[in-house]
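Visitor: Just passing along the structure, written as structure tokens.
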Amino acid sequence: MRKMLAAVSRVLSGAAQKPFFSPLKTRDASRVLVASRNFANDATFEIKKCDLHRLEEGPPVTTVLTREDGLKYYRMMQTVRRMELKADQLYKQKIIRGFCHLCDGQEACCVGLEAGINPTDHLITAYRAHGFTFTRGLSVREILAELTGRRGGCAKGKGGSMHMYAKNFYGGNGIVGAQVPLGAGIALACKYNGKDEVCLTLYGDGAANQGQIFEAYNMAALWKLPCIFICENNRYGMGTSVERAAASTDYYKRGDFIPGLRVDGMDILCVREATRFAAAYCRSGKGPILMELQTYRYHGHSMSDPGVSYRTREEIQEVRSKSDPIMLLKDRMVNSNLASVEELKEIDVEVRKEIEDAAQFATADPEPPLEELGHHIYSSNPPFEVRGANQWIKFKSVS
């Protein structure tokens with residue numbers, strides 16, 4: 001303890017001797033102060049009770065958060081937030097082109113779902129996929145490089161915003177609702193191969209009225225597939241509010257014969273506990289379950305949507321001030337002595353640097369050459385020729 005106090009004294013006295021402001025000195029001082037403070041190892045929190053459908057009991061209404069997990073969740077959510085804001089900036093600079101759907105505001109969904117499953121479990125989602133791509137294990141550098149269409153991207157620059165993939169992550173799918181039957185198929189493979197794995201199959205409230213989703217419900221229930229159907233309800237399907245699009249907005253009841261949960265999708269702990277509950281239900285052999293995550297996106301539907309023609313700026317600001325997922329976790333951790341404001345600010349600085357470094361790579365990395373246009377059609381296949389725009393143009397396909 002004496003050594004720590006002496007170190008603090010040296011840093012502070014050194015800062016006092018110099019009349020100019022030194023960010024490095026200040027950062028060193030805050031690190032020493034954080035190191036000398038005794039934080040709690042864990043804390044217990046009350047979480048919102050989930051609404052239930054065809055279930056006698058649901059997830060717990062209290063949960064324990066460790067300091068280690070809290071710091072990890074905070075860093076991940078802050079990374080997703082900053083990555084999306086950087087993507088917004090790069091798009092407005094016309095460095096990112098084409099479709100681009102941002103998920104800032106919905107960070108508790110992607111981070112909370114990942115916290116409730118195993119790395120060997122599977123996940124498939126729609127086109128708002130950047131956050132899930134990160135939580136499934138890819139780096140910010142690979143994601144931003146994919147958005148800018150560079151060779152260092154996770155799909156070699158050929159997938160873009162809607163088509164990113166990782167181990168046990170199946171995209172990123174551009175057709176509204178089409179990923180849901182695919183998710184049921186992945187769950188069928190889990191059951192067929194006798195693996196104790198589940199598939200998280202995500203879709204939005206806008207896709208919830210698609211007929212193919214109800215067909216997937218029926219097959220999953222009939223065959224008792226380990227599939228967690230998850231509706232990310234962010235209140236608007238493009239620019240249409242849920243009240244104007246659906247006769248019933250109780251999306252967690254839409255499975256009818258499939259049990260369901262309605263979850264506070266802005267609270268990462270609530271999402272985590274609900275996901276653990278749903279995964280345990282599926283692994284027990286009871287069949288599929290449905291989750292509705294009540295969440296909110298800050299940006300418009302896509303980059304062509306300013307997001308304020310069908311909702312007010314005041315509505316967006318109210319959600320930001322009262323329900324922001326990062327703010328909620330930060331307040332819990334600081335108030336329960338799991339972390340200090342200074343420590344979380346230090347994480348913010350590190351995250352910003354990581355994002356800036358990734359953005360520099362994503363703008364400097366070369367684009368894939370035209371001759372690679374036909375590559376990677378099959379995963380393992382002898383090379384063959386692919387016809388181009390006319391019969392005289394040929395591209396070689398290499399696995």
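The values are calculated or read from the model by the stated rules, or taken from the named source; none is laboratory data. Being a predicted model, the structure only gives us computed values, none of them experimental. All Cβ positions, even for glycine, are placed from backbone atoms using ideal geometry, and neighbour counts span all protein chains on display. We work out accessible area using only protein heavy atoms, side chains counted, and drop any ligands, DNA or RNA first. Shrake-Rupley method; radii C 1.70, N 1.55, O 1.52, S 1.80 Å.
Visitor: Among (1) over 16 Å from the mean Cα position of the chain (by Cα); (2) more than 21 Å from residue 262 (Cα to Cα); (3) at pLDDT 95 or above, there is one condition residue 84 misses while meeting the rest; what is its number?
Guide: If we test residue 84 against (1) over 16 Å from the mean Cα position of the chain (by Cα); (2) more than 21 Å from residue 262 (Cα to Cα); (3) at pLDDT 95 or above, just (1) comes out false.
Visitor: From the list 290, 338, pick out the single residue that is part of a loop (DSSP other than H, G, I, E, B), farther than 28 Å from residue 88 by Cα and either over 19 Å from the mean Cα position of the chain (by Cα) or modelled with pLDDT of 95 or more (or both).
Guide: 338
Visitor: Among the residues of the stretch 40-58, are any open to solvent by 20 Å² or more (accessible area, probe 1.4 Å), at pLDDT 95 or above and assigned to a helix (DSSP H, G or I)?
Guide: Checking the stretch 40-58: not a single residue is open to solvent by 20 Å² or more (accessible area, probe 1.4 Å), at pLDDT 95 or above and assigned to a helix (DSSP H, G or I).
Visitor: Sticking with this one: Being of a type in the set (A, V, I, L, M, F, W, C), open to solvent by less than 30 Å² (accessible area, probe 1.4 Å), closer than 27 Å to residue 350 by Cβ and touching a strand residue (DSSP E or B) at 6+ places or on another chain (Cβ under 6 Å): is that true of residue 138 here?
Guide: Numbers: of a type in the set (A, V, I, L, M, F, W, C): yes; open to solvent by less than 30 Å² (accessible area, probe 1.4 Å): yes; closer than 27 Å to residue 350 by Cβ: yes; touching a strand residue (DSSP E or B) at 6+ places or on another chain (Cβ under 6 Å): yes.
Yes, satisfied.
Visitor: Would it be correct to say that residue 197 is crowded, with 17+ Cβ neighbours inside 10 Å, touching a residue at least 12 places away in the same chain (Cβ under 8 Å) and more than 18 Å from residue 292 (Cα to Cα)?
Guide: Numbers: crowded, with 17+ Cβ neighbours inside 10 Å: yes; touching a residue at least 12 places away in the same chain (Cβ under 8 Å): yes; more than 18 Å from residue 292 (Cα to Cα): yes.
Considered against the rule, which asks whether it is crowded, with 17+ Cβ neighbours inside 10 Å, touching a residue at least 12 places away in the same chain (Cβ under 8 Å) and more than 18 Å from residue 292 (Cα to Cα), residue 197 comes out as yes.
Visitor: Any chance the stretch 268-276 includes a residue that's basic (Lys, Arg), open to solvent by less than 20 Å² (accessible area, probe 1.4 Å), in contact with a helix residue (DSSP H, G or I) (Cβ under 8 Å, 6 or more places away or on another chain) and in contact (Cβ under 8 Å) with a residue 40 or more places away in the chain? Before you say what the answer is, go through the steps one by one.
Guide: Start the filter on the stretch 268-276 by keeping residues that are basic (Lys, Arg), which leaves 272, 276.
Remaining after also requiring open to solvent by less than 20 Å² (accessible area, probe 1.4 Å): 272.
So of that shortlist, the ones also in contact with a helix residue (DSSP H, G or I) (Cβ under 8 Å, 6 or more places away or on another chain) come out as 272.
Filter once more, so that each one left must be in contact (Cβ under 8 Å) with a residue 40 or more places away in the chain: 272.
The answer is yes; a qualifying residue exists.
Visitor: Looking at the stretch 219-267, which of the residues that are hydrophobic (A, V, I, L, M, F, W, C) and within 12 Å of residue 204 (Cα to Cα) is most open to solvent (accessible area, probe 1.4 Å)?
Guide: Checking each candidate, the answer is 238.
Visitor: Ok, one more. How many of the residues in the stretch 347-388 are open to solvent by 100 Å² or more (accessible area, probe 1.4 Å), modelled with pLDDT under 95 and not polar (S, T, N, Q)?
Guide: Residues in the stretch 347-388 being open to solvent by 100 Å² or more (accessible area, probe 1.4 Å), modelled with pLDDT under 95 and not polar (S, T, N, Q): 6 in total.
Visitor: Quick one: which residue in 149, 172, 157 is crowded, with 24+ Cβ neighbours inside 10 Å, out of contact with any strand residue (DSSP E or B) (no Cβ under 8 Å at 6 or more places or on another chain) and at positive phi?
Guide: Working: 149 fails: crowded, with 24+ Cβ neighbours inside 10 Å; 157 fails: crowded, with 24+ Cβ neighbours inside 10 Å.
Result of the check over 149, 172, 157: 172.
Visitor: Considering only the stretch 142-256, give the helices (runs of 4 or more DSSP H) lying wholly within it that have at least 2 residues that are under 21 Å from residue 305 (Cβ atoms), out of contact with any Ser or Thr (no Cβ under 7 Å at 6 or more places or on another chain) and at pLDDT 95 or above.
Guide: 242-245
Visitor: Before we move on, is residue 326 touching a helix residue (DSSP H, G or I) at 6+ places or on another chain (Cβ under 8 Å), within 16 Å of residue 77 (Cα to Cα), among the aliphatic types (A, V, I, L, M) and open to solvent by less than 20 Å² (accessible area, probe 1.4 Å)?
Guide: When the stated conditions are applied, residue 326 passes them.
Visitor: List, please: which pairs have Cβ atoms under 8 Å, are six or more places apart or on different chains, and start with a residue in the stretch 243-254 that is among the polar types (S, T, N, Q) and end with one that is part of a helix (DSSP H, G or I)?
Guide: From the stretch 243-254, the pairs are 249/242; 249/243.
Visitor: OK, next. Does any residue in the stretch 39-68 that is among the basic types (Lys, Arg) come within less than 8 Å, Cβ to Cβ, of a residue that is open to solvent by less than 70 Å² (accessible area, probe 1.4 Å) and in a strand (DSSP E or B) six or more places away or on a different chain, and which pairs are these?
Guide: Between residues of the stretch 39-68 that are among the basic types (Lys, Arg) and residues that are open to solvent by less than 70 Å² (accessible area, probe 1.4 Å) and in a strand (DSSP E or B), the close pairs are 48/264; 54/260.
Visitor: For residue 304, which of the numbered conditions (1) in contact (Cβ under 8 Å) with a residue 24 or more places away in the chain; (2) more than 24 Å from residue 191 (Cα to Cα) fails to hold?
Guide: (1)
Visitor: Next up: Can you list residue pairs whose Cβ atoms sit under 7 Å apart, with the first residue in the stretch 201-217 being surrounded by fewer than 20 Cβ atoms within 10 Å (Cβ to Cβ) and the second being modelled with pLDDT of 95 or more and not in a helix (DSSP H, G or I)? Count only pairs 6 or more apart in sequence or on different chains.
Guide: Note: pairs meeting the criteria are 209/246; 210/176; 210/177; 212/177; 212/178.
Visitor: I'd like to verify a number: residues in the stretch 99-110 that are assigned to a loop (DSSP other than H, G, I, E, B), open to solvent by less than 50 Å² (accessible area, probe 1.4 Å) and not polar (S, T, N, Q), how many?
Guide: 6
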